[in-house]
Amino acid sequence: MRVGFNPHKDKPLEQSSYLHQVIIPVFIPHFEGYYKDAFTILDYCLHSLFQTVHNQTMITVVNNGSCTTIVDYLNQLFEEQKIQEVIHTENLGKINAVFKGLSGNNIPLVTITDSDVLFLNDWQKETVAVFNNFPKAGVVGLVPQIRNFAYLSNNLIFDKLFSKNLQFTEVKNPEAFKKFYYSIGWSEDYNLDYSRWTLSIDNKDFRAVVGSGHFVATYKKELFDEIKTFMGYKMGADSERYLDESPLHKGLWRLTTNDNYAYHMGNVVEDWMIESLQENAVDSVEVSMLKNQPKAKKISRFSFFIKNKLFAKIFDNTTFRKYFYHFKGLPKTVAKNY
């Protein structure tokens, strides 16, 4: 039976002090083969976060069916208050684990990251700066990549097609650019002009790269006001595209910081990772806040079709694309094979 009145009934929640959430789904079933170095890689990932985030950041780790050693490690970090939330579940797949982390709060920015990312100094500050300089940004990545603009950025290109603020510019950090492709096992036999030129957008003296990857990216939380609760894939297929397309339905853009602010480590420990962690050491991180962010509304089906379907087909036309490349600043010799 029940006796008395629950003192928390009908009591409103206090406003959260967190400004930024980081969600990390983790699946490490054992430490053999592909997962031989996985524990160390995860440890580097989390410690790079501890070094580089401000004190109004909520770190959520979703243990997606990992082994007991990982469970104990995450519980210890939670008890030490180094991470603010740990969720244990069986292996539901990456995107479903992310859904678990998204619920239960109203934090304005959420970074969704793989567990093999090494974060660098100032990544939060630069991410927020992109949102503040481009209020139409819906997602901001940290790692410029080859032809970022070619994936789900047709709405931005449509919006700024005749603007001088949309131009090809030189890659800010070509060495970090090449390092990413080394980390995913590429040899350096791709078109090296990709590591020299990138499509960018300017706002006065501030620049961002057009497009974004998805292994680490920061989203406006409002994109997830209405989300699915289940995807039927462990990884790949349409699961990650669901996150990638989320800004498009509200007419928002996919962007990336102009410089590189994270490294992809992969699944093998290398000496440079410790060196990067040592370079990260800082006393405190300044709190970065969003400013003047209008509430985005879902766009009409007609507008979505014109920008993301019809214009996408036009942009896929080789002749149109080559003309666009040169029109937006690529030298003719580069545009021919870009």
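Throughout, read-outs are computed from the coordinates displayed, never taken from laboratory work. It should be emphasised that the depicted structure is a prediction, and the values quoted were computed from it without experimental measurement. Cβ sites come from the backbone with ideal geometry, for glycine too, and all protein chains shown count toward neighbours.
Results, tabulated for the structure shown:
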{"quantity": "Folded to 0 to 90 degrees: helix 174-183 orientation relative to the chain principal axis, Cα", "calculated": "60 degrees"}
{"quantity": "Residue order, fewest to most beta carbons within 10 Å, for T52, T218, T68", "calculated": "T68, T52, T218"}
{"quantity": "Low-density loop positions, chymotrypsin sites (Phe, Trp or Tyr not before Pro), segment 155-226 - DSSP coil, at most 10 other Cβ in 10 Å", "calculated": "F162"}
{"quantity": "Cα long-axis angle, helix 123-133 against the chain (0 to 90 degrees, to the nearest 10)", "calculated": "60 degrees"}
{"quantity": "Beta bridges by DSSP in segment 20-335, antiparallel share as percent, to the nearest 5", "calculated": "55 percent"}
{"quantity": "Degrees, to the nearest 10: 68-79 long Cα axis against longest axis of the chain", "calculated": "80 degrees"}
{"quantity": "Percent breakdown of C-alpha pair distances by 20 Å bin, ordered from the shortest bin, for the chain", "calculated": "29, 57, 13, 1, 0"}
{"quantity": "Ranked list, fewest to most other Cβ atoms within 10 Å of each Cβ, for S200, S163", "calculated": "S163, S200"}
{"quantity": "Extension gain (nm, one decimal) between Y242 and E286, 0.36 nm per residue minus Cα-Cα", "calculated": "12.6 nm"}
{"quantity": "Mean-position separation - Cα centroids, segment 185-200 and segment 21-48, in angstrom", "calculated": "28 Å"}
{"quantity": "Segment 141-183: trypsin sites (Lys or Arg not before Pro) in DSSP loop, at most 14 other beta carbons within 10 Å", "calculated": "K164"}
{"quantity": "Listed pairs K164/K332; K250/K336; K160/K220; K221/K309 exceeding 27 Å between Cα atoms", "calculated": "K250/K336"}
{"quantity": "Residue order, fewest to most beta carbons within 10 Å, for T113, T333, T257", "calculated": "T333, T113, T257"}
